[in-house]
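Student: Below you will find the structure I want to go over with you.
Nothing in this text is a laboratory measurement; each read-out follows from the coordinates by a stated rule. These numbers were taken from a predicted model, which means no experiment stands behind them. Positions of Cβ are backbone-derived with ideal geometry, glycine not excepted, and every protein chain shown enters the neighbour counts.
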Amino acid sequence: MSLLLSSCSTTLEVGTYKGYELPPYTVLKQFEQAELRQYAPQLVAEVTVEGERNEAINAGFRILAGYIFGANESADKVAMTTPVTQTPAAEKIAMTTPVTQAQVGQAWVVRFGMPKQYTVETLPIPTDTRIRFVLTPPSTRAVVRFSGFAGNATITEQTQRLDALITQQHLKRVGEPEIAFYDSPFTLPWNRRNEISAAVEEYESEVH
């Protein structure tokens, strides 16, 4: 049986989750605990860290949280948004400080979305030079949602579920899956919102 439940409105959703601003996206199709979404460009702050996945998300979160809580040249606070995302980096990075090294381990990109009222020019300048500001391109993404602890085994299982959905919809994945965490570590497991998503595109038709 198909996972497709309904086709949805293409109205851009600019909403909140538990009072925190969400990235702007349109729901194109809705499935059972899954969606096909069209994301608009978003300004994000990101940092690349290296190490085991759980350690990397915690290290990246601390760096970015420090920035939005005032570790910047003007000591301004920037409103928290959700989710925090984690994606395998495309390539390894050179040694810097304190959690990266050249030849060993997996590099991860950890991101916070910046509130929509900011531009690169108006954001406070970070005091930590590892932080970069990036405007993400528009993308169509397949997304699966799950609750509980996002451990490695669960992430592997949900990534397989994501790939099955992409195949069923006659799409192909572009790039690495992204893990999104919407709730604080203190949230009870069954109340947590987690997602695995990936950019997708249609297969090109063969020309005969």
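Student: Under a Cβ-Cβ cut-off of 12 Å, what is the net charge of the residues other than Arg161 that fall near it, where Lys and Arg count +1 and Asp and Glu count -1?
Tutor: Working: positive: Arg145; negative: Glu32, Glu157, Asp163, Glu195.
Charge balance near Arg161 sits at -3.
Student: Around Pro124, under 10 Å between beta carbons, what's the net of Lys plus Arg minus Asp minus Glu among the other residues? Don't skip to the end; give the middle numbers.
Tutor: Values: positive: Lys77; negative: Glu73, Asp76.
Summing Lys/Arg as +1 and Asp/Glu as -1 gives -1.
Student: Continuing with this model, one more query. At 0.36 nm per residue, minus the direct Cα-Cα distance, what do Glu204 and Phe149 gain on full extension? Give it in nm, one decimal, please.
Tutor: Working: separation 55, 0.36 × 55 = 19.80 nm, distance 3.73 nm.
Contour length minus the Cα-Cα distance gives 16.1 nm.
Student: Under 14 Å from a point 7 Å along the Cα-to-Cβ line of Tyr118: which residues of region 161-198 have their amide N that close?
Tutor: none
Student: Hey, with R₀ at 22 Å, roughly what FRET efficiency would Phe133 and Phe69 work out to, going by the Cβ-Cβ distance, to 0.05? Each step should come with its number before you reach the end.
Tutor: Numbers: r = 17 Å, r/R0 = 0.77.
Efficiency computed from Cβ-Cβ geometry: 0.85.
Student: So if each residue of separation counts as 0.36 nm, and I subtract the Cα-Cα distance between Glu52 and Gln33, what length gain in nm does that give?
Tutor: 4.1 nm
Student: Now a separate question. What does the net charge come to around Phe146 if you take all other residues with beta carbon closer than 9 Å to its beta carbon, with K and R at +1 and D and E at -1? Numbers along the way, then the final one.
Tutor: Working: positive: Arg145, Arg161, Arg192, Arg193; negative: Glu157, Glu195.
Residues near Phe146 contribute +2 overall.
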